[in-house]
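Read the structure below first, then the notes.
Any read-out appearing in this document is the output of simple, stated calculations on the displayed coordinates, not a laboratory observation. From a predicted model like this one, the values you see are computed outputs, not experimental measurements. Glycine also receives a Cβ, built like all others from the backbone with ideal geometry; neighbour counts cover every protein chain displayed.
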Amino acid sequence: MALFGKKDPCAICGGAVKGLLPHKIEKQLVCRNCYGTVDLPDDVIGEITLKDFKAYMAFRDQNALLKSRFTATHTIDLGLFSSKIVVDTNNRLFCMDKDLEKTIFEGKDIVSFAIKEDSFMLFEGRANGLKSFPSSVRECIMSLTPQINRMNMHQNLQNIASAFGVEKENRTNSTPLEIPEPFAKFNIEIHVNHPYWRTITAQMSAPGINNDRPDLNEYLREYTESALLMEKLANALAEIAFPAAQNQPSASTIASAQTDAIGEIRRYKELFDQGIITEDEFNAKKRQLLGI
């Protein structure tokens, strides 16, 4: 086939193939109508044959029927390029695209799922229920208070010196502090029993710390919002995947569950008093911890 000559017909429907960069499967051209929207793992699409692709087209048409009865009850905005996870708890469905253009999965497809702060488990869902694990982020942030205070004191001294006209070269030179952030990303892994997928992954960036003027209260407020969003996702996935299961605490916290609940309520009360979370968020968390 010449570069600007007549193109071969579509290997699937036999129709005309348009465009300068047409799709190819097994080095044969496939028209846009037949190729459509492909949502497959990279390793699958890289090795797919024409026969397999025709089978995928049939699956895709069947899967599209779920779109007509999909009613989103939860939308989780991951913040990256408007990426969203939508969950329909009524029909036990979920999709990794707000417009439902990607594959729609059924809750019964889910084998297990995990939500982590980097590699540290935050929520784990299995057939025996949803487990939650304590996060060390708040303790880590509070441990940074002395470092932040020194940094702010240094900045205030520089501002005072500037106000009194002290020349920059006469001030003590110092390297700005690099404030370590507790973690970089929330990592979401959903393991499924599916013809084409085994693991579905997504990420959401963790809050950042402004090294110039660090504000720990602002960080904790943003972290709390993000953690509550991950909790919302975990509960929604558990509801569609394992509707008969009871939510379970992790094995390490069963013996001290009541004590931990009281401590957590006090911690969230402090966040409420500081204005980091709202009264509604505090009351919702308190009801959850008390099991009411």
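Assorted remarks:
- Using the Cβ-Cβ distance between GLU189 and ALA16 with R0 = 35 Å, the FRET efficiency computed as 1/(1 + (r/R0)^6) comes to roughly 0.25.
- For the stretch 21-102, trypsin sites (Lys or Arg not before Pro) are listed when DSSP marks them as loop and at most 14 other Cβ atoms sit within 10 Å of their Cβ; the list is LYS27.
- Filtered chymotrypsin sites (Phe, Trp or Tyr not before Pro), the stretch 1-94: DSSP coil and at most 10 other beta carbons within 10 Å: PHE4, PHE81
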